[in-house]
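Below you'll find the structure, written out as structure tokens, and then a few comments.
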There are 2 protein chains.
Amino acid sequence: MHNRKPLLAGVTLLFVWASVASCQKISNRYGIVCDTLMKTGLRSGGTYTLLQELTEQAPHRLAGSSGAARGVELTKQMMQRLGFANVHKESCMVPHWERGPIEKAEILPGGGMRSIHLSVCALGGSIATAANGITAEVVEVRSFDELRELGDRARGKIVFFNRPMDPAKLSTFEAYGGAVDQRGGGAVAAAKAGGVAALVRSVTTAIDDVPHTGAMEYEDTVVPVPAAAVSTIGADRLSDMLKKNPRLRLRLKLTCQTFPDVLSANVVGEITGSERPNEVIIVGGHLDSWDKGVGAHDDGSGCMQAIEAISLIKSVGLTPKRTIRAVMFMNEENGLRGGRAYLIAPERASEKQIAAIESDRGGFAPKGFDVQADSAVFEKVVRWRSLFERIDADRIRRGGSGVDISPMVQNGVPGFGLVVENHRYFDYHHSDNDTIDKVNQRELEMGAIVEALLCYLISEEGL
Amino acid sequence: MHNRKPLLAGVTLLFVWASVASCQKISNRYGIVCDTLMKTGLRSGGTYTLLQELTEQAPHRLAGSSGAARGVELTKQMMQRLGFANVHKESCMVPHWERGPIEKAEILPGGGMRSIHLSVCALGGSIATAANGITAEVVEVRSFDELRELGDRARGKIVFFNRPMDPAKLSTFEAYGGAVDQRGGGAVAAAKAGGVAALVRSVTTAIDDVPHTGAMEYEDTVVPVPAAAVSTIGADRLSDMLKKNPRLRLRLKLTCQTFPDVLSANVVGEITGSERPNEVIIVGGHLDSWDKGVGAHDDGSGCMQAIEAISLIKSVGLTPKRTIRAVMFMNEENGLRGGRAYLIAPERASEKQIAAIESDRGGFAPKGFDVQADSAVFEKVVRWRSLFERIDADRIRRGGSGVDISPMVQNGVPGFGLVVENHRYFDYHHSDNDTIDKVNQRELEMGAIVEALLCYLISEEGL
């Protein structure tokens, strides 16, 4: 063993040297590009201006809605106005669910207490209640296991899922992942236990009186029951009152409806590659949003950053070798129809998708990106770190990329997910709080700059 | 040369191995401490609760004011309530300047235009105008050089300094540094050019109608003239109007006053070290704030993080070898009297200050810290990086530490400045925008957690 050390060390040194040399070469070649993209982006504030336009002119963009249709036309016009090539729509059918005008939850008077209204909203995809609402007792649980252990005791009741996001987790996405099963699967679990409705604690880090919506699912073999989210303040209040009066009765009324699927579209525009036009780098976000708030962070930010990334590359006069394409994906929130449609559209037959980048974690300060690809791609991208360090976004790690691009990634396309500062995201997510005043212009802009640099490096260096 | 490679490589390998081994040892020894501090801090939300108390009960804490006096008593009570040892005040004399009730700037009607009011506020330390205000023409400049080149043309005029913070800079602190000379030195430069007052574009990244105050200085040999900040919207408007009518007249009225110095204090409390009580690690911020807003970010956040850092260490049951001390420094904004007084207080004679940590860049998500110390200290701290990576704060670089601790650092004490996400800070800084609703609880909490970990590591491992 002793004898092998110098040899091993020699190889190590050679590797270190080669790696340093390669990084220096990259820095020399692209340092000015990086700095120019940053200065131009920060000066222009272009992403924020686009986001103002989107959120003012198409504030609610739930798939199938008139707002989503306006968003499609508006982003097509944006790309045309900015001189993108090959701007067009690629159609897909999407679900069409509407919230309806009435969403009410009232704790009925009794046990010496007066009537109390809780802030609720239907979960996306829920059926309505009967016209007079559902009136029933409430059973509180923190998990599906706890519900199962109740046996018959949930029968005929509204099942109240009250497990909060764990505040002790450093990653709010991890904390979200630890609570969102209640929203997605609460209605089915409630129905299986004989419950008449599901009421779910809003999946948010905020303690306030704003309910947060989001997708929920039914199963073909389980009778559907209505499902609503309650604000965290409402959930805490209901929980307290249940401790005092476990027999309290709640009246829940929802008037949401599902309509037949409608025709919608992804919106696509690009800089066509100067040398390899058929090799395509995607940069995108999802154009649809929930019907609460205006979808400023989720995911107006990601969409406008994608358009601005390409606009920046154009405006600083770069002519990429490969095609860089912005895609506004439709229907991420409740169907992923756009993400699937993109992959199988006829236009794809003559193209090779070489990378897909998505920003869908809010328009906060970027820290870097997660890479969902094989080791060779990961190691190549890691060698570009010194460039991303110049714009304070050098956290390059393995990880998930994005929901819209997941069909591509599953087909072997390297995926990249913009990683941003995440503490605030779930304060706003899927709620009336997701408005543009929660977006900082500089933080938003930096995301577009990071994406522009990554697109351009992949275009010039390949993967 | 060829022969030396294996030897050099062997040394490299040994160094790498030693370094890796040392990091692993640190991770093993303190990994659980780190995770426990994080989980406890994020669950408790203690810093935010303290900051609510401070900003509600002592919202304006300009040195010499009754608010600052309330802040002194309140933070002393907080430390006592949390069971800190050796809680006491250390007195210092501080300046006493008051804004006064009237702050007005009016563009007088003329040239077909009606009268327009601009949002202004006196700069800290400014003299008042005459009782009827100053009415004069305005000359706009972007630099002191440009003002000097004007020669006699600034005589009798209000000098309007309108150089913005450069939005193209990645670091807002760097952009601030590139504009703040106008605020600090504008009055003297205006007076030297024969001007009658200085009106300075607010040193902020925000484009809004809120003026941002801050310190300004006079020189003994230059006649003092009044100095005010104007909002960025006001500055842009005035600049536009000057292009149309260079002879427009502005009336400026300020009623601020300087009073004799008053007695104030730093507030100090600690966990006394179990093995080396006379070796002291400082963690602090400045308790004084401007009289605009409530000083939530600047620097209520840093002060409450210092108290919470010690409270966290206590609440998880650690017994540090060395003394860890929270210091609420008085008068950072317009005098640094507290920072200087701490160093020369009689209590210091029997102590050794071994490190000083400051948080004074807002209560935003921490990224790591800057180290202002010699190479040996820096390299030692860098070996702790894996621990800070666990809490997403592993950006450890050489750099400035903090203004309050600068007298100590100049005396050779290693200084550490908490580095946080900085894009939003100067939107709020020194203005009515600096309120607690701009502080995110989790981001604030993480700062206290990073400080607690750094304090404890220094306490156990030394520097």
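Quick one: residue A:100 ticks every box in (1) surrounded by fewer than 16 Cβ atoms within 10 Å (Cβ to Cβ); (2) over 27 Å from the mean Cα position of the chain (by Cα); (3) more than 23 Å from residue A:189 (Cα to Cα) except a single one, so which number is it?
It fails just one condition, (2).
Is it the case that residue A:424 is in contact with a Cys (Cβ under 6 Å, 6 or more places away or on another chain), charged (D, E, K, R) and within 14 Å of chain B (Cβ to nearest Cβ)? Give the derivation first.
On the way: in contact with a Cys (Cβ under 6 Å, 6 or more places away or on another chain): no; charged (D, E, K, R): yes; within 14 Å of chain B (Cβ to nearest Cβ): yes.
So residue A:424 does not fit the description; no.
Given the condition hydroxyl-bearing (Ser, Thr, Tyr), in a helix (DSSP H, G or I) and away from chain A (no Cβ under 14 Å), answer yes or no: does some residue in the stretch B:46-53 qualify?
no
Can you spot a residue in the stretch B:365-372 that is within 16 Å of the chain's Cα centre (by Cα) and within 30 Å of residue B:344 (Cβ to Cβ)?
yes
Among the residues of the stretch A:396-408, write down those that are surrounded by 17 or more Cβ atoms within 10 Å (Cβ to Cβ) and without any contact (Cβ under 8 Å) to a residue 40 or more places away in the chain.
Quick first cut of the stretch A:396-408, residues surrounded by 17 or more Cβ atoms within 10 Å (Cβ to Cβ) only: A:396, A:401-408.
A:396, the sole residue that qualifies.
Per-residue answers, yes or no, for (1) over 25 Å from the mean Cα position of the chain (by Cα); (2) surrounded by fewer than 16 Cβ atoms within 10 Å (Cβ to Cβ); (3) modelled with pLDDT under 95:
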position: A:109; (1), (2), (3): yes, yes, yes
position: A:115; (1), (2), (3): yes, yes, yes
position: A:126; (1), (2), (3): no, no, no
position: A:130; (1), (2), (3): yes, yes, no
position: A:138; (1), (2), (3): yes, no, no
position: A:146; (1), (2), (3): yes, yes, no
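Residues being part of a helix (DSSP H, G or I) and in contact with a Ser or Thr (Cβ under 7 Å, 6 or more places away or on another chain): count how many of those fall in the stretch A:200-234.
Let us first name the residues in the stretch A:200-234 that are part of a helix (DSSP H, G or I), namely A:232-234.
Still in the running and in contact with a Ser or Thr (Cβ under 7 Å, 6 or more places away or on another chain): A:232, A:234.
Within the stretch A:200-234, residues that are part of a helix (DSSP H, G or I) and in contact with a Ser or Thr (Cβ under 7 Å, 6 or more places away or on another chain) number 2.
Being of a type in the set (Gly, Ala, Ser) and in contact with a strand residue (DSSP E or B) (Cβ under 6 Å, 6 or more places away or on another chain) is the filter; apply it to the stretch A:183-213 and report the residue that is farthest from residue B:45 (Cα to Cα).
Per the stated criteria, the residue is A:195.
Return the total of residues in the stretch B:147-179 being within 13 Å of chain A (Cβ to nearest Cβ) and in contact with a strand residue (DSSP E or B) (Cβ under 7 Å, 6 or more places away or on another chain).
1
Results for (1) assigned to a helix (DSSP H, G or I); (2) within 11 Å of chain B (Cβ to nearest Cβ), shown as yes or no for each residue.
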site	(1), (2)
A:367	no, yes
A:379	yes, no
A:387	yes, no
A:392	no, yes
A:400	no, no
A:403	no, no
A:413	no, no
A:417	no, no
A:434	no, no
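Take the residues in the stretch B:274-291 that are surrounded by fewer than 24 Cβ atoms within 10 Å (Cβ to Cβ) and not acidic (Asp, Glu); name whichever of them is farthest from residue B:79 (Cα to Cα).
Per the criteria, the residue is B:276.
Each row is one residue, and each column tells you yes or no for (1) buried (at least 22 other Cβ atoms within 10 Å of the Cβ); (2) in contact (Cβ under 8 Å) with a residue 40 or more places away in the chain; (3) closer than 18 Å to residue A:233 by Cβ; (4) not β-branched (Val, Ile, Thr).
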residue	(1), (2), (3), (4)
A:158	yes, yes, no, no
A:163	no, no, yes, yes
A:179	no, no, yes, yes
A:188	no, no, no, no
A:192	no, no, no, yes
A:200	yes, yes, yes, no
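Among the residues of the stretch A:436-454, which ones are more than 10 Å from chain B (Cβ to nearest Cβ) and crowded, with 23+ Cβ neighbours inside 10 Å?
Selection gives A:439, A:447, A:448, A:450, A:451, A:452, A:453, A:454.
Give the number of residues within the stretch A:293-322 that are under 23 Å from the mean Cα position of the chain (by Cα) and of a type in the set (Lys, Arg).
Matching residues across the stretch A:293-322 total 0.
Tell me yes or no: at least one residue of the stretch A:108-125 is on the phi < 0 side of the Ramachandran plot, in contact with a Phe, Trp or Tyr (Cβ under 9 Å, 6 or more places away or on another chain) and among the basic types (Lys, Arg).
No, because not a single residue in the stretch A:108-125 is on the phi < 0 side of the Ramachandran plot, in contact with a Phe, Trp or Tyr (Cβ under 9 Å, 6 or more places away or on another chain) and among the basic types (Lys, Arg).
Does residue B:62 satisfy the condition of being among the aliphatic types (A, V, I, L, M), crowded, with 17+ Cβ neighbours inside 10 Å and within 26 Å of residue A:170 (Cβ to Cβ)?
On the way: among the aliphatic types (A, V, I, L, M): yes; crowded, with 17+ Cβ neighbours inside 10 Å: yes; within 26 Å of residue A:170 (Cβ to Cβ): no.
No: the conditions fail for residue B:62.
For the stretch A:12-43, what are the residues that are at pLDDT 95 or above and either surrounded by 15 or more Cβ atoms within 10 Å (Cβ to Cβ) or among the hydrophobic types (A, V, I, L, M, F, W, C) (or both)?
Hits for the stretch A:12-43 are A:30, A:32, A:33, A:34, A:35, A:36, A:37, A:38, A:39, A:40, A:41, A:42.
Touching a residue at least 24 places away in the same chain (Cβ under 8 Å), outside the structural domain of residue B:324 (by TED's automatic domain parsing), surrounded by 16 or more Cβ atoms within 10 Å (Cβ to Cβ) and within 30 Å of residue B:338 (Cβ to Cβ), is that true of residue B:72?
No: the conditions fail for residue B:72.
Consider residue A:126 carefully, then state whether it is touching a Pro at 6+ places or on another chain (Cβ under 7 Å) and not assigned by TED's automatic domain parsing to the domain that holds residue A:329.
So residue A:126 fits the description; yes.
The values are calculated or read from the model by the stated rules, or taken from the named source; none is laboratory data. If you're wondering where the values come from, they're calculated on a predicted model, not measured in any experiment. With ideal geometry, Cβ positions are generated from the backbone for all residues, glycine too; neighbour counts draw on all protein chains shown.
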